[in-house]
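The structure appears right after this line, and notes come after that.
The values are calculated or read from the model by the stated rules, or taken from the named source; none is laboratory data. A quick note: this is a predicted structure, and the numbers were derived from the prediction, not measured. Don't worry about glycine lacking a Cβ; one is built from the backbone with ideal geometry, like all the others, and counts go over all protein chains shown. Note: accessible area is taken over every heavy atom of the protein model, side chains too, but ligands, DNA and RNA are not part of it. Shrake-Rupley method; radii C 1.70, N 1.55, O 1.52, S 1.80 Å.
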Amino acid sequence: MAKLIPDVKALEALRKKSLDERKGYKQVIAVCGGTGCHAYGCMKVIEAFRAELAKQGLAKDVRLRTTGCHGFCEMGSLCIIHPSDIFYVKITPEDVAEVVSETVKAGKVIDRLCYTDPASKKKVVKAAEVPFYKNQHRLLFAQNGMVDPKDLDDYLAIGGFSGAAAALCDLKPRDIIDKIKASGLRGRGGGGFPTGRKWEICASHESDVRYIVCNADEGDPGAYMDRSILEGNPFAVIEGMIVGAKAIGAAHGYVYVRNEYPLAVENLGAAIVKAREAGLLGEDILKTGFSFDITINRGGGAFVCGEETGLISSVMGLTGEPNPKPPYPAQRGLWGKPTVINNVETWANVPMILSKGEKWFAGMGTANSKGTKVFSLVGKINNTGLVEVPMGITLRKIVYDIGGGIPGGRKFKAVQTGGPSGGCLPESMLDSPVDFDELTKMGSMMGSGGMIVMDDRTCMVDVAHYFMKFLSEESCGKCVPCREGVPRMKAILEDITNGKGSDEAIALLQELGETVRDASLCALGGTSPNPVLSTLKYFRDEYEAHIRDKRCPAGVCKALINYSVIEDRCTGCGACARVCPTQAAVATGRPATVKGKKHDKLKAHEIVQEKCIKCGACIEACKFDAIKVE
Ligand code: SF4
Ligand code: SF4
Ligand code: SF4
Ligand code: FES
């Protein structure tokens, strides 16, 4: 049970004690305990470290710290050893004894556990030298690696709750709002609305009660930034909400989090309990006369509940459907009271702004987009994971310097930013700066930070169809443009990918997209045409090839492609026949070609078109590039 912290003096004394205790350790082994690493069995690795440190008599000198996500989840289980900064990836419980005796005790690097840079093929020993990390500007995510999410003392040791203490003791609500306004912080959840302005609107609305909400309903496929912050550093979100509550005069806050995020719910729940025990939540916080508490609300997984008015309905126990705006939630939100809603990443930025200063924050980024942004970088890219970069960085830097480029040396085709209703941007946009306004100008959006990279084997019509399918399933059906328009766009795209697109299809998609964009009730419908309109703008030739030539240039749309064997490249290895689920890949009676010569005993293969279901397994299996798609 956390000890009660009666006032600010005691808070500072506890911070000093926590720091001194941590200085007592000679080394720290920070092992990721995030959801991604759980899938790789990190808990067994952590247990093995605990047992091994005890066995080798190091438990007092070496701290084992279970942390949240380090962002490079595909390398799990992973750990960083401080202060040497040695970074080990894909570690298993079997590696642990050697790590303790060789690296922790003897200071030697175990080569096989170091990260190999796919570009240079060289081993990288230190975390700070790994290109994926080196080219980022990690503020929020740096903290993730420095704290155990359930350890309040860890958070205090990195300066935690100093922002809240300043807000509660030294600043008037107006001062806090002015600081947030001056920092230039904009909402990281999608809309990019200026945070300080939102707080100001809420605070200026006459009411006896106001509420604070943290939107943790992260629904974009492939995105998990907010989950990782909540899992890894829940005290930062709590602290941000305390600051916001003081600024607008709220006594209660809600965190609306997806039920599919059990670890985030667990860690946040544990942090709230600890904060309450310590007197950092509840009545008369730090004897300042200010009271505030937080309730966790679990969402059922509807994408539309990420929209703020839908979220409000859901918290109130109503069907999670959006409502018309105005009035905005800052004017009339939860139970009709003024309510500030910001997402996890936005709240987590607030304590840093209070403690490091609004000028420091405003010093990063572009004219109208300040600070850093966390992106979930996925798709056809060498390094996938969570990346934190300053606003204004170019897409090229993210894709190539941090992401390590496209696997297999293939060609970059597009990047979709902003989640399922973001636009797809072509290669010509790679040097554009990433900020709220530039992305919107290009026909995409920041959204909450999804970023999907696509290579030359991606069909852009198929991509637009995929996202329209997702959005039509997630449309709540309350308003006609979205309920009818999105499924119609999906159906037209389906026809095109099936080779049945009419000559009018492109014009119809354009008109329908613009109508749905302009006439929908909420942002889900309003932004849903982005994948269609952006691909029509930048990849129109692909639409035309599908409609006029009945051809899918990327070789993806099954109705428009055929697989066949290039016979003089076929070595007769039989790999295609072994993986083919329908026995469509078969040996012919003709000789195969091995190193340029005909080989009588090995037989060239062919594909029986009537049996082929176009699954693509053979092309993946063929090591000789002997199968083509046309
Ligand atoms: S735009 Fe779509 S999701 Fe939003 S209210 Fe209308 S039907 Fe529902
Ligand atoms: S996998 Fe390729 S090389 Fe081997 S038999 Fe099939 S087509 Fe020929
Ligand atoms: S595409 Fe699939 S079904 Fe067709 S031949 Fe290849 S493995 Fe068989
Ligand atoms: S969950 Fe371990 S690095 Fe992301």
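Has the stretch 227-238 got any residue that is part of a strand (DSSP E or B) and either open to solvent by less than 40 Å² (accessible area, probe 1.4 Å) or of a type outside the set (S, T, Y) (or both)? Taking every residue of the stretch 227-238 in turn, none turns out to be part of a strand (DSSP E or B) and either open to solvent by less than 40 Å² (accessible area, probe 1.4 Å) or of a type outside the set (S, T, Y) (or both). Considering (1) open to solvent by less than 50 Å² (accessible area, probe 1.4 Å); (2) within 19 Å of the chain's Cα centre (by Cα), the lone condition that G477 does not fulfil carries the number (2). Considered as a group, the residues in the stretch 556-574 that are under 20 Å from E610 (Cα atoms) and open to solvent by less than 20 Å² (accessible area, probe 1.4 Å) include one that is nearest to ligand 2 (Cβ to nearest atom), and that residue is G574. Look through the stretch 602-620, keep the residues that are more than 10 Å from P581 (Cα to Cα) and among the aliphatic types (A, V, I, L, M), and return whichever of them is least open to solvent (accessible area, probe 1.4 Å). Filtering the stretch 602-620 for residues that are more than 10 Å from P581 (Cα to Cα) and among the aliphatic types (A, V, I, L, M), the one least open to solvent (accessible area, probe 1.4 Å) comes out as A604. Suppose the filter is in contact with a helix residue (DSSP H, G or I) (Cβ under 9 Å, 6 or more places away or on another chain), without any contact (Cβ under 8 Å) to a residue 60 or more places away in the chain and either more than 16 Å from ligand 4 (Cβ to nearest atom) or open to solvent by less than 20 Å² (accessible area, probe 1.4 Å) (or both); does A592 pass it? Judged against the criteria, A592 is a match.
Pairs only if they're at least six apart or on different chains, beta carbon under 6 angstrom, first in the stretch 175-188 and farther than 10 Å from N342 by Cβ, second among the acidic types (D, E); list them, first residue then second. Note: pairs meeting the criteria are I177/E200; K179/E358; A182/E358; S183/E358.
Do we find a residue being open to solvent by less than 10 Å² (accessible area, probe 1.4 Å), in contact with a Lys or Arg (Cβ under 6 Å, 6 or more places away or on another chain) and in a helix (DSSP H, G or I) anywhere in the stretch 241-252? Checking the stretch 241-252: at least one residue is open to solvent by less than 10 Å² (accessible area, probe 1.4 Å), in contact with a Lys or Arg (Cβ under 6 Å, 6 or more places away or on another chain) and in a helix (DSSP H, G or I).
Of the set (1) among the β-branched types (V, I, T); (2) closer than 22 Å to V629 by Cβ; (3) surrounded by 21 or more Cβ atoms within 10 Å (Cβ to Cβ), all apply to T527 but (2).
The criterion of at least 3 residues that are farther than 27 Å from V461 by Cα and in contact with a strand residue (DSSP E or B) (Cβ under 7 Å, 6 or more places away or on another chain) is met by the following strands (runs of 3 or more DSSP E) wholly inside the stretch 552-630: 585-594, 597-607. Looking at V486, V480, V415, V453, just one residue is in contact with a Cys (Cβ under 9 Å, 6 or more places away or on another chain) and more than 16 Å from ligand 3 (Cβ to nearest atom), and that residue is V415. Considering (1) open to solvent by 50 Å² or more (accessible area, probe 1.4 Å); (2) closer than 17 Å to Y25 by Cα, the lone condition that H137 does not fulfil carries the number (2). Just to be sure I understand, how many residues within the stretch 182-200 are part of a helix (DSSP H, G or I) and crowded, with 18+ Cβ neighbours inside 10 Å? Of the residues in that region, 6 qualify. Please verify whether R488 is without any contact (Cβ under 8 Å) to a residue 60 or more places away in the chain, open to solvent by 20 Å² or more (accessible area, probe 1.4 Å) and closer than 13 Å to C522 by Cβ, treating the condition exactly as stated. No.
Every residue, every condition in (1) within 14 Å of ligand 3 (Cβ to nearest atom); (2) touching a helix residue (DSSP H, G or I) at 6+ places or on another chain (Cβ under 7 Å), yes or no:
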| residue | (1), (2) |
| --- | --- |
| A545 | no, no |
| R548 | no, no |
| P553 | no, yes |
| V565 | yes, no |
| A577 | yes, no |
| K601 | no, no |
| C612 | yes, no |
| A626 | yes, yes |
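Of the numbered criteria (1) assigned to a helix (DSSP H, G or I); (2) open to solvent by 20 Å² or more (accessible area, probe 1.4 Å); (3) of a type outside the set (V, I, T); (4) touching a Lys or Arg at 6+ places or on another chain (Cβ under 7 Å), the one D495 fails is (4).
For the stretch 510-524, the tally of residues that are open to solvent by 30 Å² or more (accessible area, probe 1.4 Å) and at pLDDT 95 or above stands at 9.
Restricting the stretch 55-80 to residues that are polar (S, T, N, Q) and in a strand (DSSP E or B) leaves a set whose member that is most open to solvent (accessible area, probe 1.4 Å) is T66.
Just one of (1) in contact with a strand residue (DSSP E or B) (Cβ under 7 Å, 6 or more places away or on another chain); (2) at pLDDT below 95 trips up F303, so point out which. Result: F303 passes all but (1).
If you go through the stretch 414-443 and keep only what is open to solvent by 30 Å² or more (accessible area, probe 1.4 Å) and part of a strand (DSSP E or B), you end up with just P433. Using the structure shown, decide if S528 is among the small types (G, A, S), under 26 Å from E427 (Cβ atoms) and more than 16 Å from ligand 2 (Cβ to nearest atom). Yes: the conditions hold for S528. Tell me yes or no: at least one residue of the stretch 337-352 is open to solvent by 40 Å² or more (accessible area, probe 1.4 Å) and modelled with pLDDT of 95 or more. The answer is yes, given that some residue of the stretch 337-352 is open to solvent by 40 Å² or more (accessible area, probe 1.4 Å) and modelled with pLDDT of 95 or more. Cβ-Cβ contacts under 7 Å between residues 6 or more apart (or on different chains), taken from a first residue in the stretch 154-174 that is without any contact (Cβ under 8 Å) to a residue 24 or more places away in the chain and within 23 Å of R65 (Cβ to Cβ) to a second residue that is of a type in the set (K, R) and surrounded by fewer than 24 Cβ atoms within 10 Å (Cβ to Cβ), are absent.
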